[in-house]
Each structure stands twice: as C-alpha cells, then as structure tokens.
Amino acid sequence: MLKRKYGLLTTTMVAISATLGSSILISFGQVAFYAKFNPILMLLAWGLGGLLIIPSLLIFAETTVSYPENGTTYNWLKKANYKAFAFWFGWILVLIVSATAIASITIASSELIASLFNITNPWITKAIGISLMLVTALFHIFTKKLVIASQTVFTILKFVPIIFIIVIAIIYGSFNNFHNQDGDTLKQAYLTSYLLLPAIAMTMFAYSGIESVTYIAGEVKEPKKNIIWAKILATIIVVSVYLILALSFIIINVSNDRDWLSTTFWQEAFAKLKLPSGLILSFNIFLIIMFYGSLNAFFLYHSRMVHKLAQEKDLAPIFAKVKKDNDSPYLAIILLIVLASVYILWDQLYSIVTYFIIATTILQFISIIVACQLRYKRKDYQRLFNNVIFWILLFAVILADIVLLTGAIISVYLSAVNSNDWWILWKCFIVCGVLLAGYPIYYLRSYCQKLWFKHKLQKKSKDDKPSVGD
C-alpha cells in the first residue's frame, strides 16, 4: 500500500504543475478569436472560466476526502458498483480524453518545429509530430529514473516562456488596445457576447489539471485538510497567472490580422515589436521544450490510467502488460500513440481541443452522478458541506457543464461556417457518436460474454457426457 507522504505544499505544487503551461498557449488564440479580439471580453472569458471550475472542484474534493484513494472517479464508480458507468468512463478517457490531450500537444510541438525550419507541408508537419511521439514512447519504455527526473526538469523549464511573455509585455506592452475600444466596438462586442460561450469553453482546456490532486489522494497526508486547501490555493494561483498572462498577450498586441487558430500566432506579435531574432528563436526553443515536457508528462499519467483500466478488465488485459526491468506499461503507451495518431492525421488542432472539452464535460456529468450516489447511499461518506450548500454547488456544476457543452457546439459550428467546411461538423458528430457508444457497448460486451460462457459450459457438458459404449 502506498504511504501518505505528500503535505499541503507538495499537493498544491502537483495541481499547479499539472495545469500551468502549454495548454493556455494553445487555447489563448481560440479564446481571442471567439471573443472577437475584444480585450475586455477576453479577460472576462478567462475570469468566468476560472469561476466555473470551482463548484466541481469542491464537490469532488468532498468525495475524495471521503475516499482518499488513487484513481479518482474510476474508483468511485467501482465502489458504487456502477459497472456500466465505470466501463463508459474508461472508454471516454482512453479513446477521447487521453488521445486528444496527447494529440493536441503533439500538433502544437510539430507546428513550432516546422515553423523553425520553414516547413509548410501539413503532412510533413504531422509526420514530425508522430515521430516526436515515437521518440517519447521509446524514452518511457526503455528508461525509468530518467522519466521520473525529467518531470521535475520540464516543470521548471515550462515557466521560462511564461515569464518571457510577461517580461516582454512589461517592457514593450501598451494599453492602447483598451483605449481604442470606442462606443460602436463595445456595442458590437455586447451584441455578440454569446460568443463568450465558446470562448469560456476554450479556457477549460487550459484549466484542466487542477483535479489531478484526486489522482494522488491515496498518498496525501491529512487528506481532509490538505486536499481542500490544495485545490483552493492552486485555483487562486492558476487563475491569477492566466489572467496576468492573458493581459500580457493583450497589451503586447491583439488584432485579427493573423491566424489566431495557429500555435505560432505570437511569433508574428513579437515580430511586430521588432525583437532581436535571437531572442525570438530562444523563446521558440523553450516553447518546444515546454510542449515536449507536457507530452512527456501526459504519456506518464495517461499510460498508467490505461494500465489501471486493463487491470480492472474494462480494457483488454493485454494492455496491463509491463516491461519487467522498469515496470513500463509499454502496450498502454503504444495504444495511446495509435489513438493520438488517428486524431493528428484526421483533424486540426482547434477541433481536437473541442473534442477534449466535450469529453471531459461528459466525464464530469458521470462524476457528479456517482458523487451524489455515494453521498446519499453510503454511511462512510464524510460530508464537508450541508445539504443546502451541496445542492447549490451541484446546480452550479450542472449549469457550468451546460455552458461548456453549448460553447463547444457553437465553436464547432462557427469553425465550419468560417472555413466553409461542413466536414468539420460531421467529424465532430462521429467523435460524439464514438463517445456515446461506450455505454451500450458495455451491455453488448456483457451479453457476448454470457453467450460465450454458456457455449463453453455446453461444450464441457457434452465432452463430459459418457458415450453409449461406456
């Protein structure tokens, strides 16, 4: 059994490290695009996005304190005996959440590498990304101590680009973007404020990670105190940093004369400031390192979850196999590479981020269902909130999920309209179909298993039946 060794500081740092980094640099351009490049709406989107994550963090903190074990919602579903939901949870987590998280970071990394070498062919860029995943996989499969040590190194390095942007904003930034908002512009922004829904939805990609505290709950000392406070402190710090970073981007330069759906849009912004080419190159290199660090961490965390699902028989048991010399779940890593490659070859970055948001929102619905069931059905549940506060938080979580789903749908629709490519919408329908298929597939699998077991019994009975001559 794992020892409880993490205090408040370590637990808080885990949540911050899992959240801060590449996700905001990927999603910032999309938030700006949907907020019509209006600085006030952009800051409002990031602020509201931060507020929307608080109710779910508090409810899940209560459930985690009641059952401080590693594995979060998946373990809760097993404890509540929700076998179909547990299978569905694992289905969504592996096929969509884990795969799209890895795919999005891979695409961002490959686009940056391609930009440094002036590579414009999208298929060569995708090939670079898949090659990067393969290198990372080999790193995880054939090493152990280096993989663990690299997490700390990359966590430190990921702050370099963030600090760089803030420093550049202080030196070169201007608040003219706020001063230039005349009455007509603000009126138009108000009339199109429904676009805040997809903008807020895009911030969820950047805020995902604070819940990682629940994944190590079995190793946290005094979980009733430390888990709650770690989530609160991490949320305050992350939201503050993101607002400062968003403000830094705005005062550097925000205009719609560049491709804000690309991961390289800030290069043009820095170019307009006429920064030394060596400084921009250094920023891009550190950015690639930061993205690779996120990719490295994703392979570590997500492969362990795939391994857990395989151990619980909610995924083919073969994916529970590990390399004997370093305990690396190599088949789980290979599965993640295959799934992420499908998304990389099939779609664009902004669509993949949308799939991630839709999937995580559905997983949150499942988590809320099991949290309520455990709270009102089990005597060992520790209630931190009275019923009134709990139901207010529950209503806020449901409202937040509706906002996120609506925003994600609007985002996909607007992407199809702006690009005049309705295949974008159909691809989203296909992914949602795969997402929803997990629940009925559980019952189909159970039915097939019963038929197979019945067939084996009948065959055994027939083989054991004595012949006429005996």
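Here are some notes:
- Residue check, residue 306 in a helix (DSSP H, G or I) and farther than 25 Å from residue 29 by Cβ: yes
- Only one of the numbered conditions (1) farther than 29 Å from residue 442 by Cβ; (2) assigned to a helix (DSSP H, G or I) is violated by residue 4, and that is (2).
- Yes/no for residue 456 being over 30 Å from residue 67 (Cβ atoms), within 26 Å of the chain's Cα centre (by Cα) and of a type outside the set (A, V, I, L, M, F, W, C): no
- Restricting segment 298-323 to residues that are within 18 Å of residue 75 (Cα to Cα) and in contact with a Leu (Cβ under 7 Å, 6 or more places away or on another chain), the residue that is modelled with the lowest pLDDT: 305
- Residue match in segment 62-70 (condition: within 22 Å of the chain's Cα centre (by Cα) and within 22 Å of residue 355 (Cβ to Cβ)): no
- For residue 81, the conditions (1) crowded, with 22+ Cβ neighbours inside 10 Å; (2) within 21 Å of residue 381 (Cα to Cα) are fulfilled apart from (1).
- Pairing each residue of segment 268-287 that is closer than 13 Å to residue 173 by Cα with any residue that is open to solvent by 80 Å² or more (accessible area, probe 1.4 Å), provided the two are 6+ apart or on different chains, yields C-beta distances under 6 Å for 273/172.
- Looking only at segment 180-215, and only at residues there that are farther than 19 Å from residue 234 by Cα and among the aromatic types (Phe, Trp, Tyr), the one that is modelled with the highest pLDDT: 194
- Counted as qualifying within segment 19-78 are the helices (runs of 4 or more DSSP H) with 1 or more residues that are surrounded by fewer than 21 Cβ atoms within 10 Å (Cβ to Cβ), namely 39-52, 54-66.
The values are calculated or read from the model by the stated rules, or taken from the named source; none is laboratory data. All figures in this text were calculated on a predicted structure; none of them were measured in a lab. For neighbour counting, all protein chains shown are included, and Cβ atoms are generated from backbone atoms with ideal geometry for every residue, glycine included. SASA here: full protein model, heavy atoms, side chains in, ligands and nucleic acids out. Shrake-Rupley method; radii C 1.70, N 1.55, O 1.52, S 1.80 Å.
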